[in-house]
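Report on the structure given below.
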Amino acid sequence: MTFNFKVLISLKDGIVDPQGQAVKKVLRRSGFYIENVRFGKIVSITIDAKDKDEARGIAVSVAKDVLSNPVLENYEIVMEN
Amino acid sequence: MCNPTAAVIMFPGSNCDHDALFALKNAGFDVRPVWHDYDQELNADLIFIPGGFSYGDYLRAGALAKFSKVMNNIKRFVDSERGLVIGVCNGFQILTEAGILPGALSKNKNLKFICQDEKIEVVNKKSPFTKYISKSFLTLPIAHSDGRYVIGDQGYESLESNRLIAFKYSDNPNGSMGNIAGILNHKLNVLGMMPHPERNSIPLLGNSDGLEILLSVRRYLSAKR
C-alpha cells in the first residue's frame, strides 16, 4: 500500500529567515500590514509500506534524519490519505 | 623523508578543490583529489573537504553531501584517528551536517553573501592545526552566505569549557555565536572553519596567513613520524 505524507519544515525561533524578512518588507511597502513572515518548506513523500504505522515510522526517520536539521529546524508530519 | 599526504575531496559543486590542491602542494604535501563516490579506505595523513556548493546547496548547505560514499570513510578515518580532517566553508557545513562536528551554519545575520578579508584570533593553540602557528591573529578571506555558527547553549558551553574553539572573528561579520570562526572536535583531529586558508597561501594572494595553518599541520605530522 502507498501512503502520502507532507513534511512541513520550519525554522526554529531565533534563526534568521532572510526570505521572510524580504517578503515582509515588500508586503508592508505594498500596504499590507503584516506582523511577521517566516518561510518554510513542504516536502511531499509517498511511501510504500505494509501499514500506516510502518509508513509513519519511515516518514518520521526521513523527516528527522534527512529533511531537517535539528539545530536549525522543526518538522511536522501530516498524513494525507 | 617523504612528504605527508593530503586527499582533497571533490563533490559535484565543490569549487575550492583546486585552490586546496595548490595550497597543500605549496605547503609540502603530496596531494591527490578524491571523488565523492570513493568507497575504499582513505589512506592519507590529511583529508581536506573544500568549499563550494556541493549538490547545489539543495535541501541545506552540506546536507546532501553527507550521504556520499566517501563520507562513511571519513567518519571511520576520524573515529579510528588515522589522520587529520579540515573542512573549510562548505566543507565545515558538510562536517556539521554529518554530525562529525557539533552545531550548524545558518544564514548570515545581515542576510548578505559576504566576501572580504577578516582578522581572526587563534584561540586554541594546542591542536595539530594551530600548534605551530607563529601569530596570534591571522587575516583570511571569507566568502559565504550561510556562515553564522549556531549551537545550543549546552553545546556552546561544552565548546568553551573543552577549549574546542579554534578561531574567533575579531570583528564578527556574520553573527556567529561567540564570534566563532572555526571549531575542533573532542579528539582534536577535525577542524571546521568558515575562513579560507587555501585562498591565502602565497603572498601574491594576500599575506599568506593561510599557509600558517597548513604548515602547522605539516609540522605536526612530521614530528609524529
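Bear in mind that the values in this text are calculations on the coordinates, not laboratory data. Small disclaimer: the values here were computed from a predicted structure and weren't measured. With ideal geometry, Cβ positions are generated from the backbone for all residues, glycine too; neighbour counts draw on all protein chains shown.
In a solvent-free Debye calculation with one equal scatterer on each Cα, what is log10 I(q)/I(0) for segment B:1-101 at q = 0.11, 0.14, 0.18, 0.25 Å⁻¹, listed in the order of the q values?
Log10 I(q)/I(0), no solvent term: -0.28, -0.45, -0.75, -1.42.
Using only C-alpha atoms and all pairs of different ones, pull out the Kirkwood radius for segment A:1-60 in Å with one decimal.
After inverting the mean inverse Cα-Cα distance, the result is 14.0 Å.
Of the listed pairs B:Lys109/B:Lys168; B:Lys109/B:Lys187; B:Lys66/B:Lys109; B:Lys75/B:Lys187, which have alpha-carbon separations greater than 19 Å here?
Pairs exceeding the cut-off: B:Lys109/B:Lys187; B:Lys66/B:Lys109.
Just add up the charged neighbours of B:Lys224: K/R +1, D/E -1, any other residue whose Cβ is under 13 Å from the Cβ of B:Lys224.
Neighbourhood net charge equals +3.
Using a ≥ b ≥ c from the Cα gyration tensor of segment B:112-164 (square roots of the eigenvalues), is it rounded, prolate or oblate, where a/c under 1.5 gives rounded and otherwise the larger of a/b and b/c decides, a/b for prolate?
Oblate, because a/c is 1.5 or more while a/b does not exceed b/c.
I need the Kirkwood Rh of segment B:92-193: take the reciprocal of the average 1/r across all distinct C-alpha pairs and report it in angstrom.
13.6
Dividing the convex hull volume of the alpha carbon atoms of the protein assembly as shown by its residue count, what do you get in Å³ per residue?
153
Just in segment A:37-72: which trypsin sites (Lys or Arg not before Pro) are loop by DSSP and have at most 10 other Cβ atoms within 10 Å?
Answer by residue number: A:Lys50.
Could you tell me which helices of chain B pass both thresholds, a Cα extent of 18 Å or more along their own axis and a mean Kyte-Doolittle hydropathy of at least -0.5, with helices taken as whole DSSP H runs?
What comes out of the filter, once short or polar helices are dropped, is B:209-224.
Summing +1 for each Lys or Arg and -1 for each Asp or Glu, what net charge is found among the other residues whose Cβ lies under 13 Å from the Cβ of B:Val88?
Net of charged neighbours comes to -2.
By the scheme Lys and Arg +1, Asp and Glu -1, what is the net charge of all other residues having a beta-carbon under 11 Å from that of B:Pro50?
Spelling it out: positives minus negatives among the neighbours equals -2.
Name the residue from B:Asn200, B:Phe129, B:Pro50 whose Cα lies farthest towards the positive end of the charge dipole of chain B, charges +1 on Cβ of Lys and Arg and -1 on Cβ of Asp and Glu.
Working it through, the farthest residue towards the positive pole turns out to be B:Phe129.
A:Lys52: which lysines have alpha carbons under 28 Å from its alpha carbon, excluding same-chain residues fewer than 8 sequence positions away?
A:Lys6, A:Lys41, A:Lys64
Specify the inter-centroid distance of segment B:114-159 and segment A:41-70, based on alpha-carbon positions, in whole Å.
Taking the Cα centre of segment A:41-70 as reference, the centre of segment B:114-159 is 36 Å away.
Give the residue from B:Trp35, B:Leu101, B:Ala20 lying farthest towards the positive end of the charge dipole for segment B:1-118; charges sit on Cβ (+1 for Lys and Arg, -1 for Asp and Glu) and the dipole is referred to the Cα centre.
B:Leu101
Which translational diffusion coefficient, to the nearest whole µm²/s, is obtained for chain B from the Stokes-Einstein equation, given a Kirkwood hydrodynamic radius over C-alpha pairs, 4 °C and 1.567 mPa s?
76
Restrict the search to segment B:1-85; then list the chymotrypsin sites (Phe, Trp or Tyr not before Pro) that DSSP places in a loop and that have at most 14 other Cβ atoms within 10 Å of their Cβ.
Counting only loop positions with at most 14 other Cβ atoms within 10 Å, the chymotrypsin sites (Phe, Trp or Tyr not before Pro) in segment B:1-85 are B:Tyr58.
Rounded to the nearest 0.05, what FRET efficiency do B:Ser208 and A:Arg29 have when you use their Cβ-Cβ distance and R0 = 41 Å?
That pair, B:Ser208 with A:Arg29, gives E of 0.30.
Helix-derived [θ] at 222 nm for the protein assembly as shown: sum -39500 (n - 2.57) over DSSP H runs of at least 4, divide by residue count, nearest 500?
Roughly -7500 deg cm²/dmol at 222 nm, from the helical runs in the protein assembly as shown.
Kindly provide the pair-distance distribution of segment B:67-136 built from C-alpha pairs, with 10 Å bins from 0 and whole-percent values in order of increasing distance.
Binned Cα distances yield the sequence 15, 38, 34, 13.
Loop-only GluC sites (Glu not before Pro) in segment B:78-130, please: DSSP not H, G, I, E or B, and at most 12 other Cβ atoms within 10 Å.
Filter output for segment B:78-130: B:Glu81.
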